[in-house]
Structures are given as C-alpha cells and as structure tokens.
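Below: one structure, written as structure tokens.
The values are calculated or read from the model by the stated rules, or taken from the named source; none is laboratory data. Note that the coordinates shown come from a computational prediction; the quantities given were computed from them, not determined experimentally. For neighbour counting, all protein chains shown are included, and Cβ atoms are generated from backbone atoms with ideal geometry for every residue, glycine included. Surface areas here come from the heavy atoms of the whole protein model, side chains and all, with no ligands, DNA or RNA. Shrake-Rupley method; radii C 1.70, N 1.55, O 1.52, S 1.80 Å.
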Amino acid sequence: VDLHAEPGREMDHKDDYSILAHKLAEEWEKIDENKDGALEAPELYDLVTSCTQATVNVEVIKDMMQRMAGENATEVSRKQFCDYLCNLHGDLARDAMGFAEGHELAVDNEKETAVINVDDPLPSNASHHGGVAHAAGAVAHAAGGVVHAAGGVAHAAGGIMHHIEGGVANRVRHIAPRKKDASAHSPKLDPNTGLKREVPHAFSQYNNLMLRALVQWWRLNPQRGLFVGALVLGAIVLAILDSVVLDLPKWSCMALLNLHTALALLMSIFCLQIFGADQPVFWRESASGISVPSYFLSRITVNTLDLVVQTFAFTAVYFICRQPKVPYWLFFLPFLFTAFAASGWGFLVSTLVPPRHGPFVVSLIVFIICGLLGNPSSLEDVLDGGFMEVVVSMLSMTRWGIQMNFDTAFEVLKPSPMDPGLTAKEQSLLMTNLSVFKLRELGGAGYWWTGAIVLLLMGTVLRVGAFLGLRFMHRDKQV
C-alpha cells in the first residue's frame, strides 16, 4: 500500500457500496456457469463449499436461497444475490424473509437515501481510495451479524463475504487520507460510562446471594452427612476413651481439652470450603461487579447453620455417652463459642493460601494454639502475667473454652481437693485446674462470661481478616 499517494476526492457510503456491488457483479459472472442469469441450488452449493472449505448441509442452502429470493425459491437472480450480500453491513440481516418484494437496497447516510444500481459506473478514483477498504471492512464485520437472522446461514454467508472481501482488498493500491472527521457524525462512546450497566445495590445482591448459597448448601447434603458422621464417630471414641480407658473424673480438664481440640480441628477444616472451593468463580464474579461484602456475609450466614448443627451433633453424642452430670445447654454453649472461633481460622486460611494447602495449615495452627498452648498442664507456667500470657489469651481457643466448661462443672459438681474419695492423682489434678481456671482474677465479667466474650471477639477478628483477604488477595486473578 502506497501511503504517499496524492489525496483524491472524499468518498461517501454510496461510493463504498457501489464498489462492493460492482465487485459482487464480477463474482457473479464467475459463479453463473451456465450464464442463464440465475443461480440454482447446485451452483450456490458449489459456491458455499468453495468459500467455506467445509461440507454444508442442504437445508442451509435452501434457507439461504429463501433469504435471497423469498420463500419456495428455486433460483436466485443476480440482483437478489447482490442485494442480500450488500445488506450484511448492519447488525440485523435485511433479506427477502423480512422485507416485501420490490424494496430496493437503501443506505442511510446522514439522513440521505441512495439506491445502489450494480450497473452504474464505478467512481473514477475507486481503485485507489480508502473507501474500498471501508466497504470491505464493514462487510467483513457484518458477516457475523447475519447470525441474528439465520443460524446455519451465517457461516455460509460469512465464507462468501470473506472470499469477496479478498477480491475487493486486492484492488486497493493507494489510500487517500480522510480530511473529514468521521466521528463528528457518529455518537461518541465514553469508555468509562458508555458500557456501564446498573449494578444492584449491596442489600439486593445479599438477598440473591443468600438464595444461591442456600441452594448450594442443600446440594452439599451428602458431603455434609459424611462430615457429621465423622463428628459423631469422634464423639463416641472420645467418650469411650474418657469413661473406660482413662477413667477421668467428670470435671477433668484433660477430657475437655481433647473435646475442644477435636471440635476446633474438624470445624476449621470444614470451613475451608466456604471460600476456597470455588475461588475461580468468585474471581470472575468479583471482576464483573459482585459486592464482596454481600458475598462474604451470605456465605458465613449460611455457614452459621452448619456450625450449630454440627456442634450440637458432636456434643449431644458425647453428652449421652459420657453423662457429665451438668445441664446440657451449659455444656453445649462453650463448644459453640469454640466452633465460632475455629471457623474463623478456616475462613482466614482459605482466603490466604491455596486450597490444596488449607487442611495442613489449619491442622498445624489448631494443634499449636489448642493442643500445646491451651494444655492445662502448660497453662500453669504460662499464665504468669507476662508476654506469653497475652499471646496465649489472644490465640488459644481451649484456654477459654475449657475454662467455661470447668466453671460450670465446678459450680454444679462442687469437687474438693480434700475429698477423701479422690485419689492423690485426682486431688493434684483438681488443684492444678483450680489454680489455672478458678483462682485467677479476671474482672467483673466472671469466668464463664469472660471466656464467651474473648471467643466471640476472636472469631469476629478472624472473620474481619478473612474478609480483607477475600477482598484484596489475588487481585491479579480477578479479571
């Protein structure tokens, strides 16, 4: 292409379509083998298969003939052939199926109508003007628009226009620069506002996401059933271990340590799926305008039902087997607070690490902060008012959950280190439990309510961290 050619006359849409019509007429002479002025189905079939390089269904050829020449047409005239392909420049196909017979091809250009006649002479500068390129480009784009009119015909017509476009493009030798600003007669599209759609507000999205989360929750019942089964089995094993194998007293904090640690581990692992199972879907939706707070709140709201049901199943089975001789609801609530805090760890880890590493990470965290830091035998040395006491009190769930259960057991059962019915080992164990959980000043809230408040704060802070991780992590993937 010669970019230094002398500028020629400014061409408009009428010239563009005139050039295209003449090129179609030239192609017609090549296609009409028997020179009878009409294309029959076999000739049109040969044309389509030649242009698309694919086998075309006979029904597509019949549909194309009807769109060119009308219903029940058996042949296509030269004018019908040219009019149909010229009309592919718009977003919607204008063919014989949608317009009455006798309508001529009209091009709307700045509110002026021009009728194209394929027998009119070409413009004098048609062989070297950019309008040719514009015509070819417009038709190439419009070939896809015929999809709205005929599904199978779109591919066939697109193949013909691709073939025609190649012939038109070969005629371009010089491109004259346009002096007229084409954008002056076309609507301007602001990239920041032109494609903006109205996004529902956060509350409306929350309602919709809640419905979706409930449907997904119901569909996961088989998986949930397996998990509840594991919880029930764990409760039975721990009850047998505490009652038969170890024969621990009803108020024993070591039994409570095993219970709270097992529940925290299982609940944190279960909650990994809430934000880790479908991360690619969330990234795509987040990039499309979904409200992250609404998404987050809908998920944890539905998950609250799981926390209550699974904690109830775990504690109820253990309570029946173990018979701790305290009111069930006072036995149940500390475990519910522990499950609330443990689920926060599951949420946080699922938003920060890849899903395949989540179970290992939360297992390690729960083992350290519950099994090691929250062990009553080690708490006696840690809770000395120093830095480690602050760390353990902020991180360990068992440090507070055990305290709540032991406070209830002590008030109901009233065990005494001076009880002659206790063995020396049990008396020593009771003195240790009392020094850690009952003989320390915790303010006016009391032992039970202090543990409840701390576990609620712990779970809330972890949920805030999980939301921040969901909102700001993996931003490069939210496209």
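Of note:
- Scanning the stretch 55-70 finds one or more residues that are modelled with pLDDT under 75 and open to solvent by less than 80 Å² (accessible area, probe 1.4 Å).
- Filtering Phe367, Phe314, Phe337, Phe319 for residues that are in a helix (DSSP H, G or I), out of contact with any strand residue (DSSP E or B) (no Cβ under 6 Å at 6 or more places or on another chain), open to solvent by less than 10 Å² (accessible area, probe 1.4 Å) and among the aromatic types (Phe, Trp, Tyr) leaves a single hit, Phe314.
- Among the residues of the stretch 343-384, those identified as over 37 Å from the mean Cα position of the chain (by Cα) and of a type in the set (D, E, K, R) are Glu380, Asp381, Asp384.
- Leu429 in a helix (DSSP H, G or I) and of a type in the set (A, V, I, L, M): yes
- Test: residue in the stretch 385-399 that is under 30 Å from Val292 (Cα atoms), of a type in the set (Val, Ile, Thr), within 49 Å of the chain's Cα centre (by Cα) and surrounded by fewer than 17 Cβ atoms within 10 Å (Cβ to Cβ): no
- Residue check for Gln223: assigned to a helix (DSSP H, G or I), among the polar types (S, T, N, Q), farther than 30 Å from Leu422 by Cβ and under 21 Å from the mean Cα position of the chain (by Cα): no
- Test set (1) touching a residue at least 40 places away in the same chain (Cβ under 8 Å); (2) hydrophobic (A, V, I, L, M, F, W, C); (3) in contact with a Ser or Thr (Cβ under 9 Å, 6 or more places away or on another chain); (4) open to solvent by 20 Å² or more (accessible area, probe 1.4 Å) - Leu259 fails condition number: (4)
- Taking every residue in the stretch 379-392 that is within 16 Å of Lys438 (Cβ to Cβ) and pairing it with any residue that is outside any helix (DSSP H, G or I) and at pLDDT 80 or above, at least 6 positions away or on another chain, the pairs with Cβ-Cβ distances below 9 Å are Leu379/Leu373; Leu379/Ser396.
- Scanning the stretch 346-373 for residues that are touching a Leu at 6+ places or on another chain (Cβ under 7 Å) and more than 23 Å from Arg299 (Cα to Cα) yields Ile369, Leu373.
- Of all the residues in the stretch 209-242, those that are open to solvent by 70 Å² or more (accessible area, probe 1.4 Å) and over 24 Å from Phe270 (Cα atoms) number 1.
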